[in-house]
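The values are calculated or read from the model by the stated rules, or taken from the named source; none is laboratory data. Computed from a predicted model, the values in this text were never measured in an experiment. Here Cβ is always computed from backbone atoms with ideal geometry, including for glycine, and neighbour counts include all displayed protein chains.
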Amino acid sequence: MGGPTKRGVCRLRTMIGGALVGGILAAGATLALISAYDRPFWPGPLVQAQSQPLSAARPVTNAIEAVYQRVAPSVVLVTNNTVTTDLFYGPMQATGYGSGVIFSQDGYIVTNAHVVSGYQSLTVTLANGQEYPARLIGESTATDLAVIKINAKEALTAATFANSDDVVAGQVAIAIGNPLGPAFAGSVTAGIVSAMRPMLYPPNTGDQRVTEMIQTDAAINPGNSGGPLLNTAGQVIGINSMKITQAETSVAASGLGFAIPSSTVQRVAHELVRYGYVREAYLGVNIAVKPQRALPTQAQTVAVAAVRSGSPAANAGVQPGDVITAWNGRPVLNYYQLVLALNEAEPGQTVHLTVTRAGVAAQLSVALGEAPHTKPSVS
């Protein structure tokens, strides 16, 4: 099988009866471990020798501490009570743990879809230890995001979301969550943004999409899926979702964590709250060359192989053989850039395509439709 293996699906499952079933991904060394780097281990001259590098590191450490104090009340523990099968295929109660982020003061919480997958009941534990039953508002397996809601008796602190388009490689990245469940709830780790990486996501599903992910080396461990990745201003730049621990060549890997960008999270969360599902824009073309798991970053011809009858593309005059070169004036250099542009668009929006046909450039206006498969089934 191609591609990285052993990705975490960041929800930790503990089987009642003592068995432990690993699964999911997440973030976490504790705040105490982060703060320990500020303190010298020996008194006397050795401390003086270390004073300069410690002082130089202090602004970053201060920022991490400030972010933790500000954002920790917005991070919750999500408990998924479900039923699985034992070794003899009999029913067995199981409990899964993940993380979530409060994104509105009236109790809406965003997490990963795999954190709530197969649930019988959901419980949310706030940072202060208060527990509330939660109900699922909606989920999107295509983006691995879900929204749940609690009716809290107390005031809730909603997190602030950044525009992930402004995220750059090298900036500090801070993760807060619940690695391994309640025992290490409220842990924080820090690193940097390693890259903005186009990937096929979610992994190991039949509904993979080309998605731009935030790659980070901030420690991510089972139980922290659905938790926030933050900048030094305390704004959410992504939702921690998976990590790669081994390449297809069986070479061990570390420091390869991934988060869903906050701009995607905000769009999907608001769609789930408003409609209960995510509306997806529909163009109606098949592209001749599609990427493998290692997505191309270099230029690649985006040639239309087929146009679906009655689709928005067909109505706008797109033809097989056309090469799409720009979307609303923005160059389209390869397949994944076209998909990302479509993912960012909304049904009903009119977009302007630049295509090359027989060596001649043409401008086409396309009124995007709504992908029919995104609507929930009605029983």
| said: Would you confirm whether or not the stretch 149-165 contains a residue that is assigned by TED's automatic domain parsing to the domain that holds V210, among the β-branched types (V, I, T) and surrounded by 22 or more Cβ atoms within 10 Å (Cβ to Cβ)? | reply: yes
| said: Can you report the number of residues in the stretch 326-366 which are part of a loop (DSSP other than H, G, I, E, B) and surrounded by fewer than 16 Cβ atoms within 10 Å (Cβ to Cβ)? | reply: 8
| task | Could you tell me whether the stretch 186-205 includes any residue that is aromatic (F, W, Y) and in a helix (DSSP H, G or I)? | result | no
| field | Search result, residues across the stretch 124-137 that are crowded, with 18+ Cβ neighbours inside 10 Å and under 22 Å from T84 (Cα atoms) | value | V124, A134
| note | Across (1) farther than 16 Å from Q105 by Cα; (2) in contact (Cβ under 8 Å) with a residue 24 or more places away in the chain; (3) touching a helix residue (DSSP H, G or I) at 6+ places or on another chain (Cβ under 9 Å), S117 clears everything bar (3)
| Is at least one residue of the stretch 177-189 assigned by TED's automatic domain parsing to the domain that holds V75, under 17 Å from the mean Cα position of the chain (by Cα) and hydrophobic (A, V, I, L, M, F, W, C)? | no
| said: Taking the criterion of being farther than 22 Å from I174 by Cα, surrounded by 14 or more Cβ atoms within 10 Å (Cβ to Cβ), in contact (Cβ under 8 Å) with a residue 40 or more places away in the chain and not aromatic (F, W, Y), would at least one residue in the stretch 97-111 satisfy it? | reply: yes
